[in-house]
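Contents: one structure, followed by commentary.
Rule-based calculations on the coordinates, nothing more; no lab input. Every value quoted in this text rests on a predicted model; they were computed, and no experiment measured them. Note that each Cβ is placed from the backbone with ideal geometry, even for glycine, and that neighbours are counted across all protein chains shown.
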Amino acid sequence: MTETRTLYKSDMRPEFEPFTIQPPEVKGFGYSGDLAYEIRSHHLDGQAAIDLLDDMLAIREVEEMIVRLRSGGYEPLSGFAYRGPTHVSIGQEGTAVGASSVLGISDRISSSHRGHGDAVAKGFSAIRQKTDEQLKERSPWSKATDREGLLADALEEHVYRIIAELFGKDEGYCAGRGGGMHIGDFSTGHLGANAIVGGSVPIATGAALAKRYMRSEDVVVCFAGDGAYANGVVLESLNWAAQYQWRNFLAGDKAYGLPIVYVIQNNHYGMTHRTDDEVMGIKALAVRGAGFAEDGMHAEVVNGMDVLAVRDAVNRATELCRNGEGPVIIEASTYRYYGHSLSDPRNEYRTKEEEEAWKAVDPIENLGRQLIENEIVDEDGLAEIKAKAAERNAKAAVRASKATDPAPEDVLKYMYAGTVSETVPAEFSNPTLYDDAPEPKITDKGMLQKDALREAMIEEMERDERVIFYGEDVADYGGAFKASKGLMERFGRDRVFNTPISEAAIIGTGVGAAMAGLRPVVELMYMDFALMASDQIANQAGKWHFMSGGQTTVPMVIRCSVGAGKGYGGQHSQSLESLFTHLPGLVVAYPSSAEDAKGMLKSAIRSDDPVLFCESQGLYAARGPVPEGEYTVPLGKSAVVREGGDATIVAWGPAVPDALKAAEQLAAEGIEADVIDLRTLVPLDMEPVLASVAKTGRCVVAAQAILSGSYVNEVVARVVNEAFDDLDAPVARIGAANGISPQAEGLEAAFLPGADDIANAVKGLI
């Protein structure tokens, strides 16, 4: 024990004196500089200005290539069949490049489904900062001997790997698993583009949480469109980022605002609907910041068609973040020259005159003109820069068209990492500890399951400082079921903290924190509430290892209480584990005993895959033996918990104790049954089940979930398909009634299956 931390307890008093809130001002289009000013102020030199132009040209070349490929008009690849999404960001280059140009290699970005441009911009910015040796590593085929040549080849390689991904090639950044809407080069700090509108915002927020926790000077820039800022999870993320507890007395000596810059790429359209004057009630989306933070999150509006204006704003924003004064909102007013996609008939909802007015302030033409005016290049020099960009893209595109297609037999490659973190990096192996850890009460019947779970958390958090824990009311209060009581006192508020009632943000930030190097354990108070976070669980946590082509892992644990039996009614009693078994990329664990609960939670925390960890409400107070000392229980391994020769009972979660009671009843009648606890539903270990069925010839599968769509049916199907010749009777299914869990005690008892139901099912097979 090194220090004791005093618990925060509220002493709020009634105060109803009249007052007026004045929202902070949001300034817009305040940048009055130009290239001459930037050079004169030593913010840029001539070469850096040329680099900005080159970066924007690289984006436009990639995206114009996509447009022309759709019409068969891209000459270097005449006749090439391009497939995939066509959400181009042509016209928005100034925002992507201006923001990325001030970021370091280890700073991170996330982006939307229009993320090709962001990927090019962040990659080019990072590559220009690399050493000669690092440039050689980026393009090992290069024969260049000077920095200029090495840099040119590394930039071409970046374009090549982006185009290869667009073409679905194995050499693409994501090995053809992500495509344009999910593209990301994690080595240059790009956390990936996201096809779910607003889906990347909580991920970026979680990455910023990780940066704050590790006291890194790195900053996260989150690119998202105007449409995203009407999305629930985005608003949850803004509230999350602005929480008082990051910067007030609750943070103590660790007061530090989240280092994130939310860049709203406001192109004024969602798909066809208008942000202005139609689906929003505000003109400037940056004002959203005032609704979540009294300082308005340092919000401002900038000219997104001016790469220098964006660069200036993001540079100031990142400095605020590096000084602990984040988050920041920057709204960049920009425009996409094409529709939402190339199939979008944009002439139906906007005029040609509107498009021409925006093209008149084109970011590329504007900067090119200033380069000439400042005598950095002449007309011929400008033409040469454009020609080189076009040539680079053509070379990369031709290479990409000939690149290797992913092997069909590898269709499921990268679905799971399948690895564990057994070695803790030295810098995270000696965490600061405060109060003594709470001691569980142990009786002759063993330890409460909730105490076993708490012991697992304590041991893993003492072992690895990368493990953090957060959720609704888990800090001072200890969670709804007191399963985390004492953790905050032991590890401090930096590692154990409360969250807003924002399930989507809880999961999404966990994904981002995991991708940024932490191993978060997050808690959903009830599994019912997981439906509020279903997108972040299904489309983010479970998919990023695959969609990134193995570039990133998502080592996080989602803890949630499950099940009925306490009279909580239809919205707090559902057994929804079956829903999540249908989502590839997730591990789904459901222990039934205190020993397994502790050992499996420890394994889940060490896993490099996202684990949905189901905890039965009805078993929190159940006691059982728990081994002393260090141990783990592997995920994906079923266990035979009772042996017999007449029938096989397969169960998980609270159905396992019922199955054991049923086996005892049957034994009194001379019927001996194997009881098998699946423990982990995904991945499913069928070997003990099949071995038992081969011996008994009879099988009952039981769970507390309703039978309609239940995972029970999956297990039954596997038994029938793989052990049909061993069966002497049909496989029986046991589950809750196909309805909604009632509150009344008698009705709930009728709703749930029990030991008698399992025993009767077995006898029906004999």
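Couple of notes before you dig in:
- With Cα atoms, 0 to 90° folded angle of helix 363-373 axis to the chain main axis: 30 degrees
- Using only the C-alpha atoms, the convex hull of the chain corresponds to 195 Å³ per residue.
- Applying a DSSP loop filter and a limit of 10 other Cβ atoms within 10 Å to the GluC sites (Glu not before Pro) in region 373-447 leaves Glu375, Glu422.
- Charged neighbours of Ser112, selected by a Cβ distance under 12 Å, balance to 0 (K, R count +1; D, E count -1).
- Net length available on complete extension from Ala744 to Asp436 is 106.7 nm, with 0.36 nm assigned per residue and the Cα-Cα distance removed.
- Note on region 584-642: Cα Rg divided by 2.2 N^0.38 Å, N the number of residues, gives 1.12.
- The order of Thr648, Thr499, Thr95, going from fewest to most other C-beta atoms within 10 Å of their C-beta, is Thr499, Thr648, Thr95.
- What separates the Cα centres of region 710-753 and region 226-302 is a distance of 47 Å.
- The chain: calculated mean residue ellipticity at 222 nm from DSSP helix runs of at least 4, using -39500 (n - 2.57): -11000 deg cm²/dmol
- Percent of beta bridges antiparallel (DSSP, the chain, rounded to nearest 5): 15 percent
- Karplus 3J(HN,Hα) series, Hz, for region 176-183 with 6.51 cos²θ - 1.76 cosθ + 1.60 (x for Gly, Pro): x, 8, x, x, x, 6, 10, 5
- Alpha-carbon centroid distance for the pair region 104-121 / region 361-435, whole angstrom: 8 Å
- The stretch between Asp295 and Lys388, if pulled fully straight at 0.36 nm per residue, gains 28.9 nm over its current Cα-Cα span.
- DSSP-defined antiparallel bridges as percent of all bridges, region 640-765, nearest 5: 15 percent
- Relative protection proxy for 249-255, 706-712, from highest mean packing down: 706-712, 249-255 (other beta-carbon atoms within 10 angstrom).
- Rounded to the nearest 5, the antiparallel percentage of DSSP beta bridges internal to region 426-624 is 15%.
- Placing R0 at 35 angstrom, the Cβ-Cβ distance between Tyr37 and Ser343 gives a FRET efficiency of 0.25 after rounding to 0.05.
- Taking label points 7 Å from Cα along the Cα-to-Cβ direction, Asp276 and Ser187 give a separation of 4.2 nm.
- Remark: spin-label model distance Glu643-Asp444 equals 2.8 nm, labels positioned 7 Å along the Cα→Cβ axis.
- From the C-alpha gyration tensor of region 640-765, square roots of 5λ in Å: 23, 17, 12
- Residues Tyr244 and Glu353, FRET efficiency given R0 of 60 Å [Cβ-Cβ distance, rounded to 0.05]: 0.80
- Mean Cβ count within 10 Å, highest first, over the residues of peptides 579-590, 323-334: 323-334, 579-590
- Checked against a 24 Å cut-off, the cross-linked pairs Lys136/Lys395; Lys254/Lys543; Lys441/Lys482 give Cα-Cα distances beyond that limit for Lys254/Lys543.
- Cα gyration tensor of region 426-624 - equivalent ellipsoid semi-axes, whole Å, descending: 24, 22, 15
- Sorted by Cβ neighbour density within 10 Å, fewest at the top, the residues Met532, Met547, Met271: Met271, Met532, Met547
- Placing a label point 7 Å from the Cα of Met415 along the Cα-to-Cβ direction, the residues of region 672-707 with a backbone N closer than 12 Å are 682-684.
- Taking Trp652, Trp141 and counting other C-beta atoms within 10 Å, the order from fewest to most: Trp141, Trp652
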